[in-house]
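Contents: one structure, followed by commentary.
Values in this text are rule-based calculations from the coordinates and carry no lab data. The shown structure was predicted, so the numbers you read here are calculated from the model rather than taken from an experiment. Counting neighbours? That spans all protein chains shown, and the Cβs are built from the backbone with ideal geometry, glycine included.
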Amino acid sequence: MPRVPKTTSPNQDSKCLPVSCQFCKLSRLLQNQRIKYKQSAEMEKANFTSVVDTPEIIHAQQVKNLSSQLQYQCDLKNSKGKITVVQDTPEILRVKENQKNFSSKIFRAMYDYMAADADEVSFRDGDAIVNVQAIDEGWMYGTVQRTGRTGMLPANYVEAI
């Protein structure tokens with residue numbers, strides 16, 4: 001293999017004339033690759049790509065707008081003194097209906113009662129029964145305040161206080 005008379009870099013012209021010199025081939029190849037790389041980088045700078053508004057991008061923009069502190073402060077100032085009406089959802093309507101069945105009254109046991117089933121509660125004469133809900137004419141559902149147990153109880157064993 002012929003020797004290069006002087007050390008050369010890819011930026012310098014080599015003094016080696018034979019085409020078969022490995023170093024010269026490598027330096028020309030590197031020089032051509034650098035030129036191509038620079039040209040492609042300049043082409044990419046000039047070309048603009050368009051981004052389609054995908055649902056993810058739209059969502060990210062909405063989240064950015066919602067989390068903006070400035071928008072929050074403006075909305076807060078605009079909404080001061082205004083009443084916001086909350087619509088009743090089916091769940092809220094169900095809860096309201098259940099609350100109608102609960103009595104705000106406290107009941108007192110007139111007699112001792114021993115639970116006959118697992119869903120019933122036992123109580124003694126004089127115990128306070130709270131959170132009472134009428135099931136039908138003969139039975140109620142409530143919590144014995146002394147024990148903290150909740151269950152069904154006979155309506156004729158208690159009286160409203």
Figure the gain on full extension for Asn156 and Gln133 (residue separation times 0.36 nm, minus the Cα-Cα span) and round it to one decimal in nm. 6.9 nm
Modelled FRET efficiency - R0 25 Å, Arg94 with Ala118, Cβ distances, 0.05 increments: 0.45
Sequence-distant residues sharing a close amide H with Glu120 (under 5 Å, placed H): Met152
For the stretch 93-160, what's the radius of gyration and Dmax over Cα atoms, in angstrom? 11.5, 37
7 Å from Cα along Cα→Cβ at both Ala60 and Lys25: what's the point-to-point distance in nm? 4.7 nm
Take each of the peptides 72-82, 141-151, average the number of other beta-carbon atoms within 10 Å over its residues, and list them starting from the highest. 141-151, 72-82
What ³J(HN,Hα) values, in whole Hz, does the Karplus curve 6.51 cos²θ - 1.76 cosθ + 1.60 give for the stretch 142-156 when θ = phi - 60°, with x put for Gly and Pro? x, 10, 7, 5, 5, 9, x, 7, 10, x, 7, 8, x, 5, 7
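Computed FRET efficiency, Cβ-Cβ of Cys74 and Ser104, R0 30 Å: what is it to the nearest 0.05?
0.10
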Quickly work out the Tyr111-to-Ala41 label distance, labels modelled 7 Å from Cα along the C-beta direction, and quote it in nm with one decimal. 9.8 nm
